[in-house]
Every structure is written in structure tokens, then in C-alpha cells.
1. Starting at the first residue of the range 149-159, write each ³J(HN,Hα) from the Karplus equation 6.51 cos²θ - 1.76 cosθ + 1.60 with θ = phi - 60°, in whole Hz, x for Gly and Pro.
2. What list of ³J(HN,Hα) couplings, whole Hz, do you get for the range 127-135 from phi and the Karplus terms 6.51, -1.76, 1.60, once you set θ to phi - 60° and write x for glycine and proline?
3. Could you give the nm distance between label points at Asp87 and Phe40, where each point is 7 Å from its Cα heading toward the beta carbon?
4. What's the exposure ranking of Met79, Met94, going from fewest to most Cβ atoms within 10 Å?
5. How long, wide and thick is the chain, going by the Cα atoms along their three principal axes, in whole angstroms, largest first?
6. Label points 7 Å out from Cα along the Cβ direction at Lys156 and Lys68: separation in nm?
7. Return the Rg/Rh value of the range 67-165, two decimal places, where both radii are evaluated on C-alpha atoms and Rh is the Kirkwood radius.
8. Is it possible to state the helix-based mean residue ellipticity at 222 nm for the chain, with each DSSP H run of 4+ residues giving -39500 (n - 2.57), the sum divided by total residues, to the nearest 500 deg cm²/dmol? What is it?
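Read-outs: derived from the displayed coordinates by stated rules, not from any lab. These figures come from a predicted structure and were not determined experimentally. Cβ placement follows ideal geometry from the backbone for every residue including glycine, while neighbour counts extend to all protein chains displayed.
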Amino acid sequence: MSKKIDPVRETDVEALEIAQKLVSETRYASFAVNEPETGFPLVSRIAACWDREIGIFFAASDLSVHSKALLQDPKCSIMLGEVGKGDGLAYARMTLVAETVRMENSHDDRAIFRESFLQTHPKAELYIDFADFGFYPLKVERILLNGGFGKAYHLKENDLSFLKA
């Protein structure tokens, strides 16, 4: 009988450095929600942002399908990491399993979110103040990190300290 090999490595300094790099370079992410009408997963691209004080968040219009889905079910996941030349599977990527709820536009911290978002996405100045746009801070439950071939990690809650100062 062959022994089953667990491909997930013990989280180490290298894993945390890869995760930190992915988060700090975040500009866009693949974003998955559950479609309310069918329960099927729905994936979109979002303009995401990471701020040391705030954590990871994104901005979206209330008119978008994924914003409407979040009203029904706040569970979501985002995948960070871009590919370059060659095999896209050789590049690091990270999936954050989370929940999120839209921040009210009247929230006291909206100006802080707005300023941080515009530092990452300056062209958003054109639409970010429209009434239908809101910010969605993520409450991260866990992280699945793939640092490239043979580098899989499951980050634990205490490993997530880099997400918020």
C-alpha cells in the first residue's frame, strides 16, 4: 500500500514572503461569488486594494452582478497573482476565502478607503464618488497559497497578520 503524500508544505518564512508580495502588489483580482438564482459560482475581475491599516478591500458598483450576489450571500473568494511569460501555473497565486459586506457611503472611514483606493487606482477618480459605488472590506477566513510548482501552503489565522497592521 503506497503512502499518500500531502502536497501542502509547512508554512515558513518563504511562504509568508510570497504572500506578502502578492498582497502588496495587488491591483486586480479574480473574484468569485455564488449566483443567487442558481447557486453556481460566478467569477469576475475586480479592482482590489491592500492598505496596511485597512487590509484587503475592493470597490464595486451596486449595479454589478457580483454586488447583487453579495446581498444574498456575503461569502466570496478572491485570487491574487498575475502571470508573465511562460507557463502561467509556475507563477505564485493566492486565494483568500472571505466574507464581505458593502460599507455604507456614509461610513466614517469612507474617506480613508477612498484615499487608499485612489493611490492604487488613480483613474477611479472618474467614478468612485458615484452613489452606486461602494467599498467592500474583506474579512479573511483562510488563505490558500500556491507559490509555484510544489509550493502549496494553507496559511493559518496567525499567519494573516500581514493583512492588517
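1. Karplus-based 3J(HN,Hα) across the range 149-159 equals 3, x, 10, 9, 9, 10, 7, 9, 3, 6, 7 Hz.
2. Once θ is set to phi - 60°, the couplings for the range 127-135 become 10, 4, 8, 5, 4, 7, 9, x, 9 Hz.
3. 3.1
4. Ranked by crowding around the Cβ, least crowded first: Met79, Met94.
5. That gives 60, 36, 34 Å along the principal axes, largest extent first.
6. That separation, rounded to one decimal, is 4.2 nm.
7. Computed over Cα atoms, the ratio is 1.02.
8. Mean residue ellipticity at 222 nm (helix-derived): -5500 deg cm²/dmol.
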